[in-house]
Every structure is written in structure tokens, then in C-alpha cells.
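As C-alpha cells, the structure follows; a few thoughts come after it.
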Amino acid sequence: MKLHELTSQLLDECGKCRPRHARMREEEREPDFFGEVKPYADQVHSLIAEWQNRSKEWILQDHPKHVREAQIENAAEMMTQFVVQSFYPKTGKKRFYDSIQSAEYLLKTMLMSMEEETHRAE
């Protein structure tokens, strides 16, 4: 899968975490870890790992102006955590929402940078 596609998928996933968390808070229930959380999180975590590797390659190859490897590491770690946390109603909103916002900002910055590169190459 291409980096642009992975980045878009993860951006969509970030958008799904807030409503999921709100729904879980509304329902006031603990999820079934092995039935709900783990299968979903495993799928997303594999996307994050692939995205992380491809992003590092992209940084080394294309030297994007506003994206650094440390940002990729931090965003991957945050996404890994908040995907799981989104299933739990006791997750604190402030830090949870801030983490999502930070990851979304990086993912959007990457998409803009990739699109700029595409236009320059044409």
C-alpha cells in the first residue's frame, strides 16, 4: 500500500476514535477486550507499523520540509494508544482529544507535502 493511502486511512481512523469514545461513554460499558478491542486494534496497529516504516523511508528519500522522523515516532505511539483508549469510557477526554488532534495535524501536513511533491514533479 502506498504511503499516501496509508496516511489517508489513518486520518480516517483518527476521525472514528472521537465518536467511538463518545458512544462508549454514553453507553457506560466496558468493552469485551478479546471480542471487540483486540481484533480491531491489531488491524489498525499493523497499518500504523506499515505507515511508520514507509514514512521513515519517505523522509530519508524526499526530505519533506515540515516532517521529521521524531514526529513519525511520536504520532505512531499516540495512535497506537488512542485507538485502544477510544473503546474505554474512563479515558480522560483532554489528553485523548489532544493526542488525536496532534496526530491529525501531522497526517494532514504529510498529505499536503506529498501533494506538493506531486505537483512539482509534473
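The values are calculated or read from the model by the stated rules, or taken from the named source; none is laboratory data. Keep in mind that this is a model prediction, so the values were computed, not measured. Cβ: placed from backbone, ideal geometry, glycine included. Neighbour counts: every protein chain shown.
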Within segment 33-57, how many residues are without any contact (Cβ under 8 Å) to a residue 12 or more places away in the chain and aliphatic (A, V, I, L, M)?
0
Could you list all residues from segment 61-71 that are modelled with pLDDT under 95 and part of a helix (DSSP H, G or I)?
Gln61, Asp62
A careful count of residues in segment 80-106 that are buried (at least 21 other Cβ atoms within 10 Å of the Cβ) and in contact with a Cys (Cβ under 7 Å, 6 or more places away or on another chain) gives 5
Identify all residues within segment 77-102 that are in contact (Cβ under 8 Å) with a residue 60 or more places away in the chain and β-branched (Val, Ile, Thr); write none if there are none.
Val83, Thr91, Ile100
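Being within 23 Å of Arg18 (Cβ to Cβ), in contact with a Lys or Arg (Cβ under 6 Å, 6 or more places away or on another chain) and polar (S, T, N, Q) is the requirement here; does Ser86 meet it?
On the way: within 23 Å of Arg18 (Cβ to Cβ): yes; in contact with a Lys or Arg (Cβ under 6 Å, 6 or more places away or on another chain): yes; polar (S, T, N, Q): yes.
Answer is yes for this residue.
Every residue, every condition in (1) among the hydrophobic types (A, V, I, L, M, F, W, C); (2) farther than 23 Å from Glu116 by Cα; (3) surrounded by fewer than 14 Cβ atoms within 10 Å (Cβ to Cβ), yes or no:
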site	(1), (2), (3)
His21	no, yes, no
Pro39	no, yes, yes
Gln43	no, yes, yes
Met78	yes, yes, no
Cβ-Cβ distance below 9 Å, separation of 6 or more or different chains: which pairs start in segment 58-70 with a residue that is loosely packed, with under 10 Cβ neighbours inside 10 Å and end on one that is of a type in the set (Val, Ile, Thr)?
none
From the set of residues in segment 45-59 that are out of contact with any Leu (no Cβ under 8 Å at 6 or more places or on another chain) and either small (Gly, Ala, Ser) or at pLDDT below 95 (or both), which is nearest to Glu116 (Cα to Cα)?
Ala49
